[in-house]
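Just below is one structure, and these are the notes that go with it.
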Amino acid sequence: MRARSRIRFGALLTAAAALASALMPTATATARESAPRTAVLDGKRLQETKLLLDRGDPQLKRSVRELQKRADAWIDQGPWTVVDKPKPAPGGDVHDYLSQAPYWWPTQTPTADNPWGCPYEQRDGQRNPEVDTGTDRQDVEKVFDSTYDLTLAWYYTGKKRYAEKAASVLRTWFLDPATKMNPNLNHAQFIPCKYDGRAIGIIDFSQSYTSVVDAIAILGTGAPGWSKSDRSAMEKWNKDFLGWLVDSDFGKQEGAAQNNHGTFYDMQVAALAYATGDTALARRTVLDARARRIDPQIAGDGSQPQELARTRSWHYSTFDLVAYTRLAAIGRHVGVDLWAHQGPDGQSLFKAVDYLLPAATGAAQWPHPELEFHRFAASDIVHAAADAGHPAARKAVPKLETPPGGDLWALRPAAEQLDSIAG
């Protein structure tokens, strides 16, 4: 009797173990389902969105198809590297990043004795086409955009080709000894015959690099082709880059800027600090943005005087708010509600969004100088304010103009620079 009981009990244990094994996810699946520790994006929200997608949400399925179109377009492109440019940066190190100031133009016809056509003059808002050849600017934008699109496509579809391509792009640009970029921007936005590099060139990275930081966090949940050694090496690169941003003269100059350059600098520092484990620096940067950025840079009526002074005032007003909304998203991770801040004259992020709403919804014309108005440029900003609980923004969302490539807010709820110009 006891023997038969032991046999039955053993059989029950075996069955229970088999059931537990069937129900328990593998180590890879567990990692795959973990919420990414993203800096700007909300990892838990990504996780919830993926769950809804897995359950067949029709709108999300349509959005994923649009995302996959973007990701598929990158599969046969790149990878890119800083060592491919025709001429190295001043100083001769091919691993140094190089870009050219976009709004500076030659005043002379180039000759053998004056190959650049120097001296150069500034034409605000007018992009010199020569800056798109011969430097790293265009390639680094492809690195940023492709990594983000490919990583999100992998996260929502599980198709390993997307993750493996993103990993290849990152390794080539940042990690492989033969092709990697040095972690500095000493030669960003140089002006021929004038400056070997400028502090404001930091915005080449700060306007988009936080998307790469988030992509790295998402890949870290178990993406095929992105190894533990890749994660460690990328974290070291980011720590070195953060050190350069904080300690270099260029970094300090950019941090002191009183317009979108300063806002984007803070956002980049906060994101890198959070991603590399320096939560105290991330929190301090977001907290300081209240009196250091919002109060002096946003007026009581919600306008941004420094940005309105530009020839592309709509672009730069929306551009600056991209940085603010992303900084507010980082604040969410470190216990700071930047949306709730009100300055002494009523300055706030909600007020700044209110200032844009008439033009963003098509209810009124933008009353300031703008060389190339794109209504869709405000779409992500209004989405962000709506998500933060702003009633006027919530009412405005259905009236927004869809950005080129579709509205992917549900899949990547973080404001992007939707009308891309460099500067």
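Here the stretch 318-423 is treated as a Stokes sphere of Kirkwood radius computed over C-alpha pairs; at 37 °C and 0.692 mPa s its diffusion coefficient rounds to 231 µm²/s. Each semi-axis of the equivalent ellipsoid for the stretch 216-368 is √(5λ) with λ an eigenvalue of the Cα gyration tensor; in descending order they amount to 31, 17, 15 Å. For the stretch 90-96, backbone phi angles converted through the Karplus equation (6.51, -1.76, 1.60; θ = phi - 60°) give residue-by-residue couplings of x, x, x, 8, 5, 7, 7 Hz, Gly and Pro being listed as x. Around Arg284, under 12 Å between beta carbons, what's the net of Lys plus Arg minus Asp minus Glu among the other residues? Residues near Arg284 contribute 0 overall.
For the peptides 51-58, 297-304, what is the packing order when you average, over each peptide's residues, the other Cβ atoms within 10 Å and list the highest mean first? Mind showing how you got there, number by number?
On the way: 51-58: 11.5, 297-304: 19.0.
Ranking, from highest mean packing down: 297-304, 51-58.
With charges set only on the Cβ (+1 for Lys and Arg, -1 for Asp and Glu), what does the dipole of the chain come to about its Cα centre, in debye to the nearest 20?
On the way: 49 positive and 50 negative charges, 511 e Å.
The calculated dipole for the chain is roughly 2460 debye.
Using alpha carbons only, how many degrees (0 to 90, rounded to 10) separate the axis of helix 260-275 from the longest principal axis of the chain? The angle comes out near 30 degrees.
Please state the relative contact order of the chain as a whole percent: Cα pairs under 8 Å, 6+ residues apart?
On the way: 693 pairs, mean separation 67.9, N = 423.
Over the chain, the number comes to 16 percent.
How long is the gain from Ser229 to Asp93 if the chain were fully straight, where each residue apart is worth 0.36 nm and the alpha carbon distance is subtracted?
Details: separation 136, 0.36 × 136 = 48.96 nm, distance 2.57 nm.
46.4 nm is the gain from fully extending Ser229 to Asp93.
What does the charge count near Gln100 come to, summing +1 for each Lys or Arg and -1 for each Asp or Glu among other residues with Cβ under 12 Å from its Cβ? Counting the neighbours of Gln100, the net charge comes to +1.
Please report the equivalent ellipsoid semi-axes of the stretch 173-254, computed as sqrt(5 x eigenvalue) of the Cα gyration tensor, largest first, in whole Å. It would help to have the intermediate numbers written out before the result.
Values: eigenvalues 149, 34, 26 Å².
After scaling each eigenvalue by five and taking roots: 27, 13, 11 Å.
With all pairs of different alpha carbon atoms counted, what Kirkwood hydrodynamic radius in Å does the stretch 219-282 show? Write out the running numbers ahead of the final one.
Working: mean 1/r = 0.0781 Å⁻¹.
With all distinct Cα pairs of the stretch 219-282 included, I get 12.8 Å.
In order along the stretch 327-337, the Karplus-derived 3J(HN,Hα) couplings, from 6.51 cos²θ - 1.76 cosθ + 1.60 at θ = phi - 60°, round to 5, 5, 5, 5, x, 4, 6, 10, x, 10, 9 Hz, and Gly and Pro are given as x.
A crude spin-label estimate for the pair Lys395 and Leu52, with each label 7 Å from Cα along the Cβ direction, gives 2.4 nm. Taking 13 Å as the straight-line reach from the Cα of Lys160, the aspartates and glutamates in range (excluding those fewer than 8 positions away in the same chain) are Asp72. The Rg/Rh ratio for the stretch 375-415, using Cα coordinates for both the radius of gyration and the Kirkwood hydrodynamic radius, is 0.92. Over all orientations, the stretch 30-106 has a Cα convex hull whose mean projected area works out to 9.6 square nanometres. Placing unit charges on each Cβ (+1 for Lys and Arg, -1 for Asp and Glu) gives the chain a dipole about its Cα centre, and among Pro90, Thr179, Thr107 the Cα reaching farthest toward its positive end belongs to Thr179. In plain terms, the C-alpha convex hull of the chain casts an average shadow of 25.4 nm² when viewed from every direction. In the chain, a dipole from Cβ-located charges (positive for Lys and Arg, negative for Asp and Glu) runs towards its positive end, and of Pro358, Gly343, Gly405 it is Gly405 whose Cα lies farthest in that direction. The stretch 270-335 and the stretch 153-183 have Cα centres spaced 29 Å apart.
Overall, the stretch 126-206 carries a charge dipole of about 260 debye about its Cα centre when +1 sits on the Cβ of Lys and Arg and -1 on the Cβ of Asp and Glu, all other atoms neutral. Ranked by the mean number of other Cβ atoms within 10 Å of their residues, highest first, the peptides 167-173, 71-77 come out as 167-173, 71-77.
Rounded, prolate or oblate: pick one for the stretch 318-361, where a ≥ b ≥ c are the square roots of the eigenvalues of its C-alpha gyration tensor, a/c under 1.5 means rounded, and failing that, prolate if a/b is larger than b/c, else oblate.
Values: a/c = 2.67, a/b = 1.41, b/c = 1.90.
Here the stretch 318-361 falls in the oblate category.
Taking a 29 Å limit on the Cα-Cα distance, which of the listed pairs Lys87/Lys165; Lys351/Lys399; Lys239/Lys351; Lys50/Lys399 fall beyond it? From Lys87/Lys165; Lys351/Lys399; Lys239/Lys351; Lys50/Lys399, over 29 Å: Lys239/Lys351.
The angle between the Cα long axis of helix 279-289 and the main principal axis of the chain comes to about 40°, on a 0 to 90 degree scale. Values of log10 I(q)/I(0) for the stretch 108-209 across q = 0.24 Å⁻¹ run -1.33, by the Debye formula with one identical scatterer at each alpha carbon and no solvent. For the chain, the longest principal axis of the Cα atoms and the long axis of helix 228-247 meet at an angle of about 30 degrees. In terms of overall dimensions, the stretch 140-198 has a Cα radius of gyration and Dmax of 15.3, 50 angstrom.
The numbers here are math on the coordinates, done by the rules we state, and not lab data. Everything numeric in this text was worked out from a predicted model, so none of it was measured. Because the Cβ atoms are built from the backbone with ideal geometry, glycine has one as well, and the counts that use them run over all protein chains shown.
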